[in-house]
1. Jot down the radius of gyration and Dmax of segment 18-134, Cα atoms only, both in angstrom.
2. How far is it, in nm, from the label point at residue 140 to the one at residue 90 when both lie 7 Å from their Cα along the line to the Cβ?
3. Quick check of the Kirkwood formula: for segment 200-345, what is the inverse mean of 1/r over all pairs of different Cα atoms, in Å?
4. List the pair-distance distribution P(r) of segment 332-371, using every Cα-Cα distance, as the percent of pairs falling in each 10 Å bin from 0 up to the bin containing the longest distance, rounded to whole percents.
5. What fraction of the Cα pairs in segment 133-223, stated in percent, has a spacing above 20 angstrom?
6. Suppose R0 equals 35 Å. What FRET efficiency, 1/(1 + (r/R0)^6) with r the Cβ-Cβ distance, do residue 367 and residue 271 give to the nearest 0.05?
7. Compute the distribution of all C-alpha to C-alpha distances in the chain, in bins of 10 Å from 0, and list the percent of pairs in each, rounded to whole numbers.
8. Ranked highest first by average number of other Cβ atoms within 10 Å, how do 156-165, 205-214, 184-193 line up?
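Laboratory data are not the source of any read-out in this text; all were calculated from the coordinates shown. Keep in mind that this is a model prediction, so the values were computed, not measured. Because the Cβ atoms are built from the backbone with ideal geometry, glycine has one as well, and the counts that use them run over all protein chains shown.
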């Protein structure tokens with residue numbers, strides 16, 4: 001299988017051609033929004049962080065910002081900072097340049113003379129990038145160039161019975177094609193971590209799987225909380241999931257059946273052509289998706305039993321449900337009905353053909369439902385409270 005994509009100077013391949021207006025902190029987010037609204041093909045997000053963070057917490061924010069700029073769906077980045085935040089402009093630029101050599105411009109609101117002057121300068125720079133980006137011609141690439149993030153949210157029993165196994169079928173096929181599939185949501189490995197650990201390609205990888213699960217539980221225990229107390233969520237319970245173990249056993253189906261070849265920390269750069277890998281992300285959907293996109297995922301395949309509109313500013317999100325009632329109610333939001341895996345007439349393998357065709361179509365430029373609606377939900381994982 002092949003797709004038409006954009007070759008980047010750092011060697012990666014994008015399936016979208018966006019200009020990222022990157023706010024270095026919450027104080028630059030509205031200025032970035034004003035700039036993005038005036039430039040065709042520009043995207044941005046509301047960065048709630050970037051200041052008043054402890055070092056480990058700030059690093060997560062830095063990794064997401066750098067990873068978004070480096071994501072191959074981005075042609076170039078315009079960074080906007082206030083000037084006095086912890087995520088100083090030089091730190092952000094250095095982090096981006098460690099990951100990629102794509103076009104980059106930078107503007108500091110306090111030095112440019114305020115929002116209006118910053119907007120004028122940044123819009124000009126972004127429009128120049130957009131003009132350059134529009135000249136790029138798509139080229140043919142093998143599907144092995146894709147890094148596919150996998151996610152589940154608003155789960156119910158049909159997620160574990162149909163939608164997640166279908167994503168697992170896709171994961172196995174991507175591995176066979178030489179590509180990369182990311183299994184995420186560490187909190188939803190709990191109770192099934194021993195099953196995943198058996199699939200580690202090496203003893204070290206198996207131990208890493210145990211380590212990230214135990215680390216997550218301990219982090220919540222430090223503030224007197226238990227992950228099991230909030231899992232399953234009220235929506236999960238209303239849908240029919242009764243225990244975290246049930247939820248986890250359904251969740252890990254997204255990883256198919258192949259060996260786990262690597263475990264990545266949140267938002268770290270994922271290698272292409274790596275097969276099945278794991279990223280240590282929260283169960284919270286927008287922040288989990290953000291980590292994988294920062295890691296380089298050009299597209300995300302997202303299962304939901306109850307239904308969800310979640311998208312992303314950088315990567316298209318393909319939505320799947322195994323619940324035929326949910327698909328009927330939320331067809332505006334969901335791309336694929338996986339319920340035939342349960343009720344027929346299609347088999348899992350036949351529905352796998354459908355999903356792979358959808359993945360190829362989206363890589364070629366087809367808009368997902370979330371893209372068509374303009375959904376760009378965004379969150380960044382946190383270590384602790386602001387200081």
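1. Cα radius of gyration and Dmax of segment 18-134 are 12.8, 40 Å respectively.
2. Placing both labels 7 Å along Cα→Cβ, they lie 4.9 nm apart.
3. Every distinct Cα pair counted, the radius reaches 16.9 Å.
4. 30, 47, 23, 0
5. Values: 2159 of 4095 pairs.
Every Cα pair in segment 133-223 considered, those over 20 Å come to 53 percent.
6. Details: r = 28 Å, r/R0 = 0.81.
With a Förster radius of 35 Å, E is 0.80.
7. 5, 25, 33, 25, 11, 1, 0
8. 156-165, 184-193, 205-214
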